[in-house]
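Have a look at the structure below before the remarks.
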Amino acid sequence: MKDEYDFSKMKSRKNPYASKLKKSVTIRLGEDVIGYFKEMAEETGVPYQSLINLYLRDCAAHHKKIDIAWHAKP
């Protein structure tokens with residue numbers, strides 16, 4: 001293996017995995033929700049943001065829908 005390499009003549013190309021990279025977003029989550037995932041993170045050794053991402057990915061993959069019913073006050 002060489003001590004030094006000359007990269008000056010290399011051609012650049014787009015990252016083939018760029019479409020699979022994560023995108024940074026800001027969302028508001030309840031403290032109880034964050035606490036739940038942080039506790040799970042301590043138990044599993046997986047970062048809590050990764051756990052949230054895995055859960056949301058599973059919801060998207062299985063087309064899970066939330067059942068929300070808004071009831072008008074009498």
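The values are calculated or read from the model by the stated rules, or taken from the named source; none is laboratory data. Since the model is a prediction, treat every value here as computed from it, not as a measurement. As a convention, Cβ positions derive from the backbone with ideal geometry for all residues, glycine included, and neighbour counts pool all protein chains shown. Ligands, DNA and RNA are stripped out before the accessible areas are found, and what is left, the full protein with its side chains, is counted by its heavy atoms. Shrake-Rupley method; radii C 1.70, N 1.55, O 1.52, S 1.80 Å.
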Matching residues in the range 1-33 (of a type in the set (K, R) and open to solvent by less than 100 Å² (accessible area, probe 1.4 Å)) number 0
Taking first residues from the range 53-74 that are of a type in the set (A, V, I, L, M, F, W, C) and second residues anywhere that are surrounded by 10 or more Cβ atoms within 10 Å (Cβ to Cβ) and at pLDDT 95 or above, the pairs with Cβ under 9 Å that are 6 or more apart or on different chains are L54/V46; I66/C59
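Return yes when L51 is at pLDDT 95 or above, within 12 Å of the chain's Cα centre (by Cα) and surrounded by 10 or more Cβ atoms within 10 Å (Cβ to Cβ) and no when it is not.
Numbers: at pLDDT 95 or above: yes; within 12 Å of the chain's Cα centre (by Cα): yes; surrounded by 10 or more Cβ atoms within 10 Å (Cβ to Cβ): yes.
It is true that L51 is at pLDDT 95 or above, within 12 Å of the chain's Cα centre (by Cα) and surrounded by 10 or more Cβ atoms within 10 Å (Cβ to Cβ).
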Subset of the range 34-48, residues among the β-branched types (V, I, T) and either loosely packed, with under 13 Cβ neighbours inside 10 Å or under 18 Å from K20 (Cα atoms) (or both), comes to T44
